1. Show me, for the range A:236-246, the HN-Hα J-couplings you get by feeding each phi into the Karplus relation (A = 6.51, B = -1.76, C = 1.60, θ = phi - 60°), rounded to Hz, glycine and proline as x.
2. Helix A:168-183 versus the longest principal axis of chain A: what angle, 0 to 90°, nearest 10, using Cα atoms?
3. Please arrange A:Asp179, A:Asp18 by how many other C-beta atoms lie within 10 Å of their C-beta, fewest to most.
4. Rounded to the nearest 500, what is the 222 nm mean residue ellipticity of chain A from helices alone, with -39500 (n - 2.57) per DSSP H run of 4+ residues and division by all residues?
5. Could you give the dipole magnitude of the range B:3-270 about its Cα centre, charging the beta-carbon of Lys and Arg +1 and that of Asp and Glu -1, in debye to the nearest 20?
6. On C-alpha positions alone, give me the angle between the axis of helix A:138-151 and the longest principal axis of chain A, in degrees, nearest 10.
7. Show me A:145-158, A:98-111, B:5-18 ranked by packing, highest mean number of other Cβ atoms within 10 Å first.
8. Determine the shielding of peptide A:95-101 by partner chains: average, over its residues, the number of Cβ atoms on other chains within 10 angstrom of each Cβ.
Amino acid sequence: MEALMEAVVIKDLCCTYDGFVAIDRVNMIVNKGEFVAIMGPNGGGKTTLLRAIAGMIKPQRGYVKVKGEIGYMPQKEHVNFEIPIKVREVVEMGIMSKKKKFSLFSKLSREEKELVNNALKAVDMLKFVERNFTELSGGQQQRVLLARAIATKPDILLLDEPFNGVDLPTQEKIIKLLDNLASEGVSVITVVHNVSPLIHHVSRIALLNRELIAYGKPEEVLTPENTAKTYGIPIPTTVCKEGYIHPLFGDIHG
Amino acid sequence: MGEVMIPFLLRAIVAIFIISINAAITGTFTVFRNVSFLVAGTAHAALAGAALALILESLGFHVPVLLGGVLFAIFAAISAGYASGRGKVGRREDTNTAIAISFALSMSLAVLFISMVREYAARVWGLLIGDLFLLSYSDLAIMFITTLLVIAITALFYRAFLYLSFDAEAAIASGVKVGLYDYLLLSTIALSVVAIMGGVGAILVFAMFVAPAAIAKRFAKSISRVFLLSFLISFSSGIAGIALSFYLPFSPGAMAAVMVSSTYFVSVFVKK
Ligand SMILES: Nc1ncnc2c1ncn2[C@@H]1O[C@H](COP(=O)(O)OP(=O)(O)OP(=O)(O)O)[C@@H](O)[C@H]1O
Ligand SMILES: [Mg+2]
């Protein structure tokens, strides 16, 4: 086995918004090519952790060290649906903002156009390239936003709830895509509320509720004690016939 | 219509053309960035600035009235942008509330300053109402140069303005200095507003900027179409306003503004 390379190192991280502590004492290492899921309740600081990794917010204490380029797919709530922007233009945004090419006259090079097309192909949205982003279904929009994040060929891919509103077959496809990226050496870190569809693919799970409750292999992390600490109530689990542990999320609402 | 009217008419048409370019560019970004109210806010700040320039003049300091207007408008735009904090990560900003407050402040200052310069007040009221037929060649030249500047800035930073309006969170993550470009965008909107105020006045600038882009956005399938359609709507209403003003005793700017605003409501009914 080749030596593990650390892609993200988080040490004693504390992040605040105007004095309000959103996450505290987070220690975490994500290796190159790892596929990590972050789980936790609403307001638990998952988005904040991704923002800190992406360098969008400065730590109040501690540090984040990152090795490589980052691709970030924010929660869809941040998008402004009042702009009749084309799918192609959305994906171009990833490339052009990284390159700081903002002028109306700066066109994409042939290679950059290729990157846009390949990213859209990967999420199976190439046929929508000239369509209006705002007129797509919610799941299709998620796929386009994912394409924007992977278009720049990042070494570290940060995804904030990428499966919201995505149908099950598409979800399967996206998971496979992420799995492939991870096996090519991309570190994939994704926030999810329902980890079950991912459980066969992720190497580690982080449970976050202001502090990092647990971080490790799914079967080590998803214990009743840990989920109770994270969500306030223990989440029952079951073991599937392949031997993976699955949380039974439906039950917490029942 | 006599021969004497022709230069006035030509100047008015050129002014409508320039105004429509501003309405297309700035109006579109105003609607995309969701800061429609900024147009009214900066226009009234410009009024206050112009009045202050007149006060300073009466005290013996010469400050060009337009410069006073531009500085105040940009100051109002930047403080509204600062209060809204778009450059801050994840800020669910309500820029319009910040604008409303700065609008209220500039209105009060405008009234205050104008009351101090009663004898020159007519010049300030000119900016409030505007008149397409009273524009001189030098007014047009100033409008034209300012518009070139507005075109240059938006062309140069087009994608930055688009990205920060579309998805500021992703733009920040990609290393775009969103706060900085947001100030630039808001200042450009302010500049554009002041540029056309002489033609249609502070009151109507709002209708001429916001309504065409708002209508265009409802129908256009692409961003470039929003620009084009806003221009056409603004230009045709302006021309129609001028034409009607020959038959009816109304100001052409007001006619144009009535037309674009009512077109907006018609478009709402047509396309629910
Ligand atoms: N821009 C901000 N300004 C102030 N407080 C914020 C900001 N963003 C998040 N917070 C606060 O920080 C805490 C963590 O928020 P965060 O968005 O990281 O949670 P989350 O785990 O992503 O939640 P969700 O599942 O709802 O997306 C919350 O209490 C939230 O109110
Ligand atoms: Mg979140």
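1. Per-residue couplings from phi come out as x, 10, 9, 10, 7, 5, 7, x, 8, 8, 10 Hz.
2. 90
3. Details: A:Asp179 16, A:Asp18 5.
The fewest-first ordering by Cβ neighbours comes to A:Asp18, A:Asp179.
4. Numbers: 8 runs with 80 residues, N = 254.
Rounded to the nearest 500, it is -9000 deg cm²/dmol.
5. Values: 14 positive and 10 negative charges, 139 e Å.
In debye, rounded to 20, the range B:3-270 gives about 660.
6. 80
7. On the way: A:145-158: 23.7, A:98-111: 13.4, B:5-18: 17.2.
Packing order, densest peptide first, comes out as A:145-158, B:5-18, A:98-111.
8. On the way: counts 1, 6, 13, 4, 2, 6, 2.
Shielding by partners across A:95-101 averages 5.
All of the numbers you see were taken from the coordinates with simple rules; none came from a lab. Note that this is a predicted model, so its numbers are computed, not measured. Virtual Cβ from ideal backbone geometry, glycine too; neighbours counted across all protein chains shown.
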